[in-house]
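Just below is one structure, and these are the notes that go with it.
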Amino acid sequence: MTVGAIASLVAGIVIGFFGQRSRMCFIAGIRDWILVRDTELLKGLAAFLLVGWVLFPVAGLLGGDADGTFADPVTVTVLLSVVGGLGVGVFSVRVEGCPFRQHVLGAQGSGNAMMYLAGFLSGAVVFHTLVAPLLSRVLI
């Protein structure tokens, strides 16, 4: 195994452990805040955004060009990510399941979560094989 594969495995185990222990769910956090003004689950979302805000520039410096930018066409990548993320968000809300929480529950053996993940991964395949090439042709 390469160092990257081992690092990914260790990071996945650590993130999975904390995700399972914290019951973190972005959708439930927003729902609880809107319905009953409970901010307990929003702490996970705030921590996620803070870590992303700090680590994305660090990743750009480590893996990008000398000025901290990446060489690929960023605009198309960002637009495709927004469209894909919007689709995941809409469908996740419709089935009342946070993708992160469903991954944790699936790893714990929940059959409903595994069915959700089967649809989630099937949707990712459809998006990357059919929708993304079509959108990239339209956007370029």
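Read the figures in this text as sums done on the coordinates, not as results from a lab. The structure presented is a predicted model; accordingly, all values stated were derived computationally and were not measured. As a convention, Cβ positions derive from the backbone with ideal geometry for all residues, glycine included, and neighbour counts pool all protein chains shown.
Descriptive notes on the structure:
- Calculated FRET efficiency for the pair PHE91/SER136, C-beta based, R₀ 25 Å, to 0.05: 0.70
- Ordering of 45-57, 2-14 by packing is 45-57, 2-14, highest average first (other Cβ atoms within 10 Å, averaged per residue).
- With K and R counted +1 and D and E -1, the other residues having a Cβ less than 12 Å from that of SER22 yield a net charge of +3.
- Residues HIS128 and LEU9, FRET efficiency given R0 of 22 Å [Cβ-Cβ distance, rounded to 0.05]: 0.40
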